Amino acid sequence: MSEERPVYLRLRDRIAAMILDGTVGDGDPLPSVRSLAAECGANPLTVAKAYQTFQEEGLVVVRRGVGMFVAIGAADKLRTNERDTFLKERWPEICAHMRRLGLQPEDLVERALA
């Protein structure tokens, strides 16, 4: 994770990876704000802000007094959003960098298969 990004976005990336990797699945509980803050060495308010972004996107649901849970279909929705963001924002930068370096797509495929 890039140190240039705000901490809450880096935490969001970490939580998103947990969902996309299947570490936590639909309906599974997420770590509490306090436990994730302690684990990451972050302020609980910063963790809460990261969780809030998922709540606003409908990727997690809060059960008052019980905790926060991954919403049904969250991984698919998150994967679609992440793909769109990657293709619109990061991929053009990667392609430009590849052109500057003289890299061809075949070079990358060859490395991936090695």
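The values are calculated or read from the model by the stated rules, or taken from the named source; none is laboratory data. Since the structure is predicted, the reported quantities are computational estimates derived from the model, not experimental observations. For neighbour counting, all protein chains shown are included, and Cβ atoms are generated from backbone atoms with ideal geometry for every residue, glycine included. Quick note on the areas: whole protein, heavy atoms, side chains included, nothing else; ligands and nucleic acids left out. Shrake-Rupley method; radii C 1.70, N 1.55, O 1.52, S 1.80 Å.
Evaluate segment 59-70: report whether one residue or more is of a type outside the set (Ser, Thr, Tyr), more than 15 Å from the chain's Cα centre (by Cα), open to solvent by less than 40 Å² (accessible area, probe 1.4 Å) and at pLDDT 95 or above. Quick ask: steps written out before the conclusion?
Step one: list which residues in segment 59-70 are of a type outside the set (Ser, Thr, Tyr), which gives 59-70.
Restricting the remaining residues to those that are more than 15 Å from the chain's Cα centre (by Cα) gives 61-69.
Now drop any that are not open to solvent by less than 40 Å² (accessible area, probe 1.4 Å), which leaves 67-69.
Adding the requirement that they be at pLDDT 95 or above leaves 69.
Checked against the condition, which is being of a type outside the set (Ser, Thr, Tyr), more than 15 Å from the chain's Cα centre (by Cα), open to solvent by less than 40 Å² (accessible area, probe 1.4 Å) and at pLDDT 95 or above, segment 59-70 yields at least one hit.
Go through the residues of segment 9-31 one by one and say whether even a single one is open to solvent by less than 80 Å² (accessible area, probe 1.4 Å) and of a type in the set (S, T, N, Q).
Within segment 9-31, not a single residue is open to solvent by less than 80 Å² (accessible area, probe 1.4 Å) and of a type in the set (S, T, N, Q).
Would you tally the residues in segment 46-80 being in a helix (DSSP H, G or I) and either in contact with a Leu (Cβ under 8 Å, 6 or more places away or on another chain) or under 27 Å from Ser35 (Cα atoms) (or both)? If you could, list the steps in order and put the result at the bottom.
Within segment 46-80, the subset in a helix (DSSP H, G or I) is 46-56, 74-80.
Restricting the remaining residues to those that are either in contact with a Leu (Cβ under 8 Å, 6 or more places away or on another chain) or under 27 Å from Ser35 (Cα atoms) (or both) gives 46-56, 74-79.
Counting residues in segment 46-80 that are in a helix (DSSP H, G or I) and either in contact with a Leu (Cβ under 8 Å, 6 or more places away or on another chain) or under 27 Å from Ser35 (Cα atoms) (or both) gives 17.
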